[in-house]
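Input: a single structure, listed below in structure tokens.
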Amino acid sequence: MFNQSTVAKLLLLGFSDTQELQISHFLLFLGIYQAAMMGDFLIIVVIVASNHLHTPMYFFLLNLSILDFSTISVTLPKSMANFLWKTTSISCVSCVSKVFFFHVFCAAELALLTVMAYDGYIAICRPLYYKTIMKGSTCILLAASAWLSYVPYSALHTGNIFSLTFCKSNIIEQFFCEVPQLLKLSCSHSYFSELGPVSNSPSALDLTVSLCYSVLPPVINPVIYTVRNNDTKAAMQKLTGCRLLYRNK
């Protein structure tokens, strides 16, 4: 039993504590993180280096890649460090900061996807006015709004979560500081715990769902927006010299 004013660390126990499995989980998370990092970094480099991709659509795609990398960087590195160093602890300050930034980046990504949908709507339904509506200053304003508008929301949300009294345990049955799991540790009456309740016993389904919404989008977004996009593929081939090599052969 502990009080939020006395506890210094929390324990992340989402995966097995067996050494062999911890190494496997570390290698799995490392591969996922590298795939996301390489995919998002490649998109950023290609868009910045290709003048014909300096359009509103790819400007928003550039911001999406930065958000994807930022989101996955909040959760996976600490988990990999725990697997590598055979520990499960995380400080309360680090947990608070991760909850805050995770909500900032996730909410900003949803806002940016909405902006991208609006950009596509203007391009399809009002093509003659597209350059007038989606000019440079407007695109910057929309992207900045997506990045900054949810900072107050995330601050209030994080402050509300950690203003509760935690007195049940210091064990989080997850690989990162997930809000529903934190609410399980609270003995305060909370509207949030009644609105997104979680099961009392941890299950593989909880971990699977958490992996799907926190880890998979940063990995698959680069594939979705590059493999099916001819302009991006052509820019990648030009940048890496693959097309020149193919022609020489």
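The values are calculated or read from the model by the stated rules, or taken from the named source; none is laboratory data. What you see is a predicted model; the values in this text were computed from it and never measured. We place every Cβ from the backbone using ideal geometry, glycine too, and count neighbours over all the protein chains shown.
A compact table of results
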item	result
The listed residue being closer than 30 Å to residue 28 by Cβ and hydrophobic (A, V, I, L, M, F, W, C), out of 151, 104	104
Where residue 222 falls short, out of the listed (1) modelled with pLDDT of 80 or more; (2) in contact with a Gly (Cβ under 8 Å, 6 or more places away or on another chain); (3) not in a helix (DSSP H, G or I)	(3)
Matching option when the condition is at pLDDT below 90 and crowded, with 20+ Cβ neighbours inside 10 Å, among 79, 50	79
Residue match in the range 79-91 (condition: within 30 Å of residue 232 (Cβ to Cβ) and part of a helix (DSSP H, G or I))	yes
Selected residue (only one of 96, 104 is touching a residue at least 24 places away in the same chain (Cβ under 8 Å), buried (at least 19 other Cβ atoms within 10 Å of the Cβ) and on the phi < 0 side of the Ramachandran plot)	104
Tally of residues being of a type outside the set (A, V, I, L, M, F, W, C) and in contact (Cβ under 8 Å) with a residue 40 or more places away in the chain across the range 150-168	7
Answer from 155, 144 - the residue that is assigned to a helix (DSSP H, G or I) and either of a type in the set (Phe, Trp, Tyr) or surrounded by fewer than 13 Cβ atoms within 10 Å (Cβ to Cβ) (or both)	144
Any hit, the range 110-119, residues being in a helix (DSSP H, G or I), surrounded by 13 or more Cβ atoms within 10 Å (Cβ to Cβ) and at pLDDT below 90	no
